[in-house]
1. Under a 1.4 angstrom probe, counting protein chains only, how are L371, L222, L196 ranked by accessible area, largest first?
2. I need to check one value: relative contact order of segment 350-425, counting alpha carbon pairs closer than 8 Å and at least 6 residues apart, in percent.
3. Per residue, how much accessible area does segment 338-478 have with a 1.4 Å probe, in Å²?
4. What whole-number distance in Å separates the alpha-carbon centres of segment 376-410 and segment 15-30?
5. In the structure displayed, which of K216/K282; K215/K412; K215/K282; K359/K412; K142/K215 lie more than 25 Å apart, Cα to Cα?
6. Percent of accessible area on segment 319-478 owned by carbon and sulfur, 1.4 Å probe?
7. Which is the longest stretch in the chain that no exposed loop site breaks, taking sites as trypsin sites (Lys or Arg not before Pro) with a DSSP loop state and at most 12 other Cβ atoms within 10 Å?
8. Calculate the length of the line joining the C-alpha centroid of segment 85-104 to that of segment 275-350, in whole Å.
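The values are calculated or read from the model by the stated rules, or taken from the named source; none is laboratory data. Since the model is a prediction, treat every value here as computed from it, not as a measurement. In this analysis, Cβ positions are derived from the backbone assuming ideal geometry, glycine residues included, and neighbour counts consider all displayed protein chains. The protein model used for the area step is the full one, side chains on, heavy atoms only, and it has no ligands, DNA or RNA in it. Shrake-Rupley method; radii C 1.70, N 1.55, O 1.52, S 1.80 Å.
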Amino acid sequence: MQKKFISNLILLVILNLIVKPISIFGIDATVQNRVGAADYGLYFSLLNLTFLFNIILDLGINNFTTKNIAQYPHIVKRYIGKLLSFRLVLFVVYTFITLILAAFLDHSERAFNILYLLIFNQFLVVLIAYFRSHFAGLLMFKTDAFISVLDRFLLIFICGYLLFFSTSDFSIETFVWTQTIAYFITFLITLSWLFLKIGIPKISFHWIFSIAIIKKSLPFALLVLLMMIYTRSDTVLLERLHPNGNFEAGIYAQGFRLLDAFFIFGMLFATLLFPLFSRQLKDKESIFPLLKMSSNLLIGGAIFISMFCVFNASFIVNSIYIHNTELSIPSFNWLMLTFIWMCFSLIFGTLLTANGSLKMLNQMSFVAILLNLTLNSFLIPSLGAEGAAITAFSTQLFVAIVQLISVFKIFKISIHFKQVVKYLFFILSLLGLFILTSDNLSETSKIIIQLFTGVILLFLFKLIDLKGLISLLREKTN
């Protein structure tokens, strides 16, 4: 399992390193620079509004499918036709609830026109993710990896042409339309690819089957719904609670964009780990070697990346954006530190989900929502984007602590003093590095030295186990 994890992780990282940074910084950031903070803030708030209840489109079916196909591959064709028809019903329910919420928030006619497209985009995204869950469940990680970047690849070409070569005006509505086209093409290709693999299923709708799936998937669905509320409500609340809401949401988006980029790479771990943990737990294999390797890679890397970004915040923000850069730095710093706690959740939350510890995760998520809403209601009116970022940091810290304690308790893992000391000295070494290189160096020299030395420290502290990686890759090639 470890060598399968490492080899496919390398492919995923390479593909995502090629495509997604271009999409996020070459396209998304350029769009925000072109249309301005207020218009982009409106789009960003509406986008997060569509995230809040998009679990209705899924009801946990994707995670349920990945886990069960990983454990019982022969069931793949039995359910897909019935579930596709069921998803159309879910789409109608999701659309109704989202539009009702938008009406309650008293959005403008322009906002609703954007929202209609974003709702349809969410439907396409969830369908693509559902098809990908079959590839992941069948451990076809290479196929899943290529599909994972296809929509972004198409967006780069379509939107890139309109931004850099077309003479027509570019609006936030144009950006949303290009996303729709990219998602729709990806949907058609993914659907065709899956049907070539498993054959064309018979599309039919069965109430009894649908209700049975809902009952089995409901714990997954509730977990995702609660997680969406405490992770995606920040910009919706910003837009509503602050006097200059659209602008503050745009400022928050400038800090959030890099966090989102890093989180995408972190999600690659979770995408691979969930079916692998699920199969190991079913076969009663030890999860500790895979847990240790993935934890060191992701959490160690997250600490380095977050600290690097905080110490170089001004340079990074000014390199990406044109407007309101100094206003973005406070929220940017809090969000970069939040990435560390999010990575804890990507490892330990994934293991708990694969273990079926959903009751505990749902209880934890409900408390996280209360914490998030309480802090946002106090901090956003006075601090705006920075207040929302502080809330995100605090909420994710709480979630990480609860999940870490739960994993140690459920799997009877003892705390190793050497491991704690290793991480402590790693952090102190990074602090020393960033402080010593903060003055008397050009920006280019400083960044090169920090990046090079930081990677060396990851190897020295064995957070990247080079010997173990080489051994696994040799096994793969033999």
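1. On the way: L371 55, L222 80, L196 150 Å².
Ranked from most to least accessible, the order is L196, L222, L371.
2. Here the relative contact order equals 28 percent.
3. It amounts to 54 Å² per residue over segment 338-478.
4. 27
5. Beyond 25 Å between Cα atoms: K215/K412; K142/K215.
6. On the way: 5990 of 8460 Å².
After summing per-atom areas, the C and S share lands at 71 percent.
7. With trypsin sites (Lys or Arg not before Pro) excluded where exposed in loops, the chain gives 1-201 as its longest stretch.
8. When both Cα centres are located, 32 Å separates them.
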